[in-house]
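S.K.: Please read through the structure below; I'll follow up with questions.
The values are calculated or read from the model by the stated rules, or taken from the named source; none is laboratory data. Please read all numbers here as calculations on a predicted model, not as lab measurements. Because the Cβ atoms are built from the backbone with ideal geometry, glycine has one as well, and the counts that use them run over all protein chains shown. Accessible surface is based on the protein model in full, side chains and every heavy atom, while ligands, DNA and RNA are left aside. Shrake-Rupley method; radii C 1.70, N 1.55, O 1.52, S 1.80 Å.
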Amino acid sequence: MNTTTTVHPVDEKLPPGRVSALGLQHVLVMYAGAIAVPLIVGRALKLTPEQVALLISADLFACGIVTLIQSLGMTRWFGIKLPVMMGVTFAAVGPMVAMANAQLGAGMTGPDAARGIFGAIMAAGIISILIAPVVSRLLRFFPPVVTGTIILVIGVSLMRIGI
């Protein structure tokens, strides 16, 4: 009796060299985003170099905590239990820079403007958690061509800010 088992490419175990190269690539991409976003936002807020360094440290700490939550899973609803590294999204850079410019234009200092931005981010996070079950049911209406186009538009619109 000839029994051959085929392994799905997703479940395939890669050789150590390839796993190491892919892991390093993943870390470098996450780390570059985790550094670039605080640098851009810190510059928009006109923060001192020490404040920007603190912002980068806080960002890396938060990325580490979220990576642990996602990788290990906390409850049935939090954490995907997959080996992923969480980074910072560039999608929010445009709105954060616009908020910084508006608040600085209104006479606020950099740290005060940063508090306003971070408060808005926390409120948005809570709202996102609350509406996630509804949005998950709508994902079938967004095929890869739609999500890919949205990601492309976000990237192109942020090129000006990143440069």
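S.K.: Give me a count of the residues in the stretch 98-132 that are over 19 Å from Arg43 (Cβ atoms) and open to solvent by 70 Å² or more (accessible area, probe 1.4 Å).
M.R.: Final tally of qualifying residues: 6.
S.K.: For residues that are under 15 Å from Phe78 (Cα atoms) and among the small types (Gly, Ala, Ser), scanning just the stretch 123-140, find the one that is farthest from the chain's Cα centre (by Cα).
M.R.: Ser136
S.K.: Got a sec? Which of Gly17, Gly42 is open to solvent by 50 Å² or more (accessible area, probe 1.4 Å) and at pLDDT 90 or above?
M.R.: Being open to solvent by 50 Å² or more (accessible area, probe 1.4 Å) and at pLDDT 90 or above holds for just one of Gly17, Gly42, which is Gly17.
S.K.: Something else: Please go through the stretch 133-149 and give me each residue that is part of a helix (DSSP H, G or I) and open to solvent by 90 Å² or more (accessible area, probe 1.4 Å), ordered by number.
M.R.: Of everything in the stretch 133-149, those that are part of a helix (DSSP H, G or I) and open to solvent by 90 Å² or more (accessible area, probe 1.4 Å) turn out to be Arg137, Leu139, Arg140, Phe141, Pro144, Val145.
Residue by residue, here is whether (1) among the β-branched types (Val, Ile, Thr); (2) touching a residue at least 12 places away in the same chain (Cβ under 8 Å); (3) on the phi < 0 side of the Ramachandran plot holds:
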{"position": "His26", "(1), (2), (3)": "no, yes, yes"}
{"position": "Val52", "(1), (2), (3)": "yes, yes, yes"}
{"position": "Phe61", "(1), (2), (3)": "no, no, yes"}
{"position": "Trp77", "(1), (2), (3)": "no, no, yes"}
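S.K.: Could I ask something else about it? Quick check, is Leu22 surrounded by 12 or more Cβ atoms within 10 Å (Cβ to Cβ) and free of Cβ contacts under 8 Å to residues at least 12 places away in the same chain?
M.R.: no
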